[in-house]
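Participant: Structure provided below as structure tokens; questions to follow.
Read-outs: derived from the displayed coordinates by stated rules, not from any lab. Keep in mind that this is a model prediction, so the values were computed, not measured. Virtual Cβ from ideal backbone geometry, glycine too; neighbours counted across all protein chains shown.
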Amino acid sequence: MESPKYSRSDAFEIHPAEGSVIYEYPSQSRGLRISFIRVKGRRPAAEDEAFVEHDCTFSLYVVEGSGTVTIDSTQYSVTKDDVVTVLSGKRWVIEGDLAYVVATTPAFYPEQSETVKINRDCLF
């Protein structure tokens with residue numbers, strides 16, 4: 001199998017919320033996926049929701065901007081050149097005006113991701 005090179009034009013573009021965009025790059029591996037994500041606001045958008053990745057672990061590398069990543073009840077301030085890892089099974093939210101590259105292992109697939117209700121008064 002060849003080791004391919006991909007450009008932005010090869011990526012699948014998703015607009016999950018106003019001002020946010022995800023570029024999902026093709027992958028030859030089931031073990032790893034790379035994406036570029038720009039967030040302006042909050043993901044997920046609803047204040048009483050968080051993501052849970054049942055199979056995938058994410059490592060997010062911030063390339064520009066700043067914001068916060070909340071994992072379960074811990075909130076991390078992030079800015080350019082920071083890395084945050086979200087382990088599978090954890091509830092998480094990202095907020096701010098930032099762009100990041102995310103490496104997902106195993107390769108991200110939508111069926112393993114769930115949006116769950118949270119109690120914002122206690123963060124999670």
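Participant: If R0 is 22 Å, what FRET efficiency do you get for THR57 and GLU13 from their C-beta distance, rounded to 0.05?
Facilitator: Calculated transfer efficiency: 0.35.
Participant: In whole Hz, what ³J(HN,Hα) sequence does region 82-99 give by Karplus (6.51, -1.76, 1.60; θ = phi - 60°), x for Gly and Pro?
Facilitator: Karplus values, whole Hz, x for Gly and Pro: 7, 10, 10, 10, 10, 6, 4, x, 8, 7, 8, 9, 10, 9, x, 10, 8, 10.
Participant: Tell me whether the chain comes out rounded, prolate or oblate; compute the Cα gyration tensor, take square roots of the eigenvalues as a ≥ b ≥ c, and use a/c under 1.5 as the rounded threshold.
Facilitator: Values: a/c = 1.81, a/b = 1.48, b/c = 1.22.
Here the chain falls in the prolate category.
Participant: Another question, then. For PHE108, enumerate residues with amide H under 5 Å from its amide H, sequence gap 5+ or separate chain, H modeled in the peptide plane.
Facilitator: ARG33
Participant: Amide H of LYS80: which non-local residues (sequence gap of 5 or more, or other chain) have their own amide H closer than 5 Å, using H built in the peptide plane?
Facilitator: HN-HN under 5 Å from LYS80: GLY65.
Participant: OK, next. Quick one: net charge around GLY89, please, counting Lys, Arg +1 and Asp, Glu -1 for every other residue with C-beta under 11 Å from its C-beta. Mind dumping the intermediate values first?
Facilitator: Values: positive: LYS90, ARG91; negative: GLU53, ASP55, ASP72, GLU114.
Spelling it out: positives minus negatives among the neighbours equals -2.
Participant: Shifting gears a bit: Could you sort the peptides 27-35, 48-56 by per-residue average Cβ neighbour count (10 Å cutoff), highest mean leading?
Facilitator: Working: 27-35: 14.2, 48-56: 15.9.
My ranking of the peptides, most packed first, is 48-56, 27-35.
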